[in-house]
Amino acid sequence: MREREREREREREREREREREREREIEKQRSRKKKKARYIERAREVERERERERERERERERERGREGEREREREREREREREREREREREVERERKRGSGRERERERERERERERGREREREREIKREREKEREREIKKEVEKEVAKERERVPAYPLINPASRQRSTNLSHANSSLRNSSLPCVLVAARRRTAAMDGLLAPHPSHSLAWSSAVSAGAHRVNSPAPRGENLPSNAAFGRLRPTRRLRGVVKCSARSRGGDSSGDAGGRLVGAVTAAGQALWGKGLPPGLLVQVAREAWGSGWRVMMAQLAPSDEAGNYKRTPSAYRHTIQPPPASTSAASRATTPTITKSTTTSSTGSSGQTVAPGTFPAEPGRYHLYAALSCPWAHRTLIVHSLKGLSSAVPLSIARPGEGGLWEFATGEGPRGKGGVGSRGRGEGREGGGVREGEGGKEEELLVPTEDRAGGCAVLKEVYGQQQGGYDGRSTVPMLWDAKTNRVVNNESADIIRILNAAFNDYADNPHLDLAPAALSQQMAAWDEEIYNNVNNGVYRCGFATSQAAYNRAVTDLFTTLDRIDSHLATSRFLCGPALTLSDVRLFTTLVRFDAAYHTLFKCSRRKIVEYSNLHAYMRDIFQTPGVAATCDIAGVRDNYFGQLFPLNPGSIIPVEPLSCNRSQLWKPHNRHLLSLSQA
């Protein structure tokens, strides 16, 4: 019994041993699995580290490539500078050789100029003789007509005539006015006034004296002598000033004819009208009919000028001329930044052939390859369309990749460059810096005494031209269209790439990220493309172009439609901005840039000059804070020259402001107001 018990005990012991063996085996298997998992994890970590190292190596390789490209570009620039220096030396040598011969040539040129001066003086003398002869003929003819008039119209006593006679004389004066040249208009206007007053019996010498004054005025404006019904009758000069005054007018006109006959025609016209007006009315106001005539004449001239400055349709609605060049620039295929992957519309032009960039990639017709330093941006500080490109250029940091030249409005209506005046320029738009900052910039004191760096007009840094029209004309075949800013220029092939601002800001945003200082900033995310397109369409039609539709409208109905569309859209945007920091959310986009350039000019120019007078932007709490938010974005304030905008708009748009008087700056347009806190960043936090 005890033996069996011991046997069972030994069996149980062996079973426990086998159980412990199984547990040890299971533990070993677990240990092996853990070791294997740790090994696999370590292997994966090593592989990830190797991949990161390879990525760092690729980045270093790309950086070395970019540095090498920059070094090669600097070497090419140094070589070009050496070549220019050699060319200057050769020019100095040639100048030295031509020295003596040039002095003789200058002397001969001066002699020829003196001979031409003598010839011009002889021609002026002959012209003065002809004018005197013509004046004598006109005077004789007028005297003959006046004599016939005296024979035809009997003298009446100075009494108030019957109403039927007054009506006849008034009708005769109105008929004369409708069919008269300018001197004769003055005669007919006086006749109408006399007929209305019922003055029918002047002294014959008054009529003769007025005929002399009219002949002098006709001489000064080079118009034919009055004939037929355009001549004054005795019944039209009841209260004419004494003959002595009119003789003084004739003498004054004769003295003015003794000068240079090549003077300004407008000045001669004003002189003739002033002399005749003083003879007729002295220091009193002219009759209402003459004011009516002047108003009609000015209205006709204004419509002619507006047709050239701002073409409109038959209803008086302003129609913007489409841009002539709509090519685009293709980014390098290796570009991996978010902005490069954004959708950029390809705008083609059938006359453009395929081209190949320096990296060897072939681009489609209508496109150009992206290369640093190849393209040049021409812009202006006062133009809202060009201002868009300056903002994107600054935000992306493209000063080295896309060089910049800033033009200013010239006296002849052309965009000119600040040639020979240093980096600041002289006068014009944007030349109000207090010192010198970076290239093409000035320095002005900003809010709180801090230094604010500003862009100012520059010389043409690409081709050294004096005006922008010369840059356009450098293309093969020339160019005879309107020379507008902004304009993207291909300095390698001397061609205009694009002069449509909406295209250029998309190009600057996406095409040069490999060379930009701020390549990760994407102002046109693909996810917001539809939302941005809707805003862009509404803002362009009703705000960007809407202010011009108001200012350049040539009918009341067209103006009413434009101003209603403008302020309806501004009200809607103001309501939207109450809950959104920017138009498409918490981040700045190209749509905000397009709207900002109009808002920042609104109170300074559009509210007054373009008659957008229902409300100012400062009266919109959300819009004004939104404008200050964008203005205070680093890089934007330097592109804003509010004083230059006012100088350009009020000084250059003659049909809208004939006197070129620049009104005082509104307080809301002062830069210190634009630097005030806006607290719009709180909306970004709530939207996030």
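The values are calculated or read from the model by the stated rules, or taken from the named source; none is laboratory data. Nothing here was measured: the structure is a model prediction, and the numbers come from that model. Using ideal geometry, Cβ is built from the backbone for each residue, glycine included, and neighbour counts are taken over all protein chains shown. For the accessible areas, the whole protein counts, side chains as well, though only heavy atoms, and no ligand, DNA or RNA atoms are used. Shrake-Rupley method; radii C 1.70, N 1.55, O 1.52, S 1.80 Å.
Each Lys and Arg Cβ is given +1 and each Asp and Glu Cβ -1; about its Cα centre, region 536-579 then shows a dipole of about 220 debye. Across the protein chains, with a 1.4 Å probe defining accessible surface, the residues Thr589, Thr321 rank Thr321, Thr589 from largest area downward. Region 509-562: percent of C-alpha pairs farther apart than 18 Å? The share of Cα pairs beyond 18 Å in region 509-562 comes to 56 percent.
Rolling a 1.4 angstrom probe over the protein heavy atoms with all chains in place gives region 1-129 an accessible area of 93 Å² per residue. Summing Cβ point charges (Lys, Arg +1; Asp, Glu -1) relative to the Cα centre of region 1-88 gives a dipole of roughly 480 debye. Solvent-accessible surface (1.4 Å probe) assigned to Leu653 amounts to roughly 30 Å².
Residues in region 553-649 average 29 Å² of solvent-accessible surface per residue, probe 1.4 Å, ligands and nucleic acids excluded.
Quick one: order Trp298, Trp385 from most to least accessible surface, probe 1.4 Å. Each step should come with its number before you reach the end.
Numbers: Trp298 115, Trp385 35 Å².
Output order, biggest surface exposure first: Trp298, Trp385.
Take region 458-528 with all the other protein chains still there, run a 1.4 Å probe, and you get 41 Å² of accessible area per residue. Per residue, the average separation of C-alpha pairs within less than 8 Å and at least 6 apart gives region 613-671 a relative contact order of 21 percent. The figure for Lys616 is an accessible area of roughly 50 square angstrom, using a 1.4 Å probe on the protein chains alone. Computed with every protein chain present, the accessible area of Phe368 is close to 10 Å² [probe 1.4 Å]. Would you work out which of Gln29, Ile40, Val92 lies farthest towards the positive end of the dipole of region 3-93? Charges go on Cβ: Lys and Arg +1, Asp and Glu -1. The Cα lying farthest towards the positive end belongs to Gln29.
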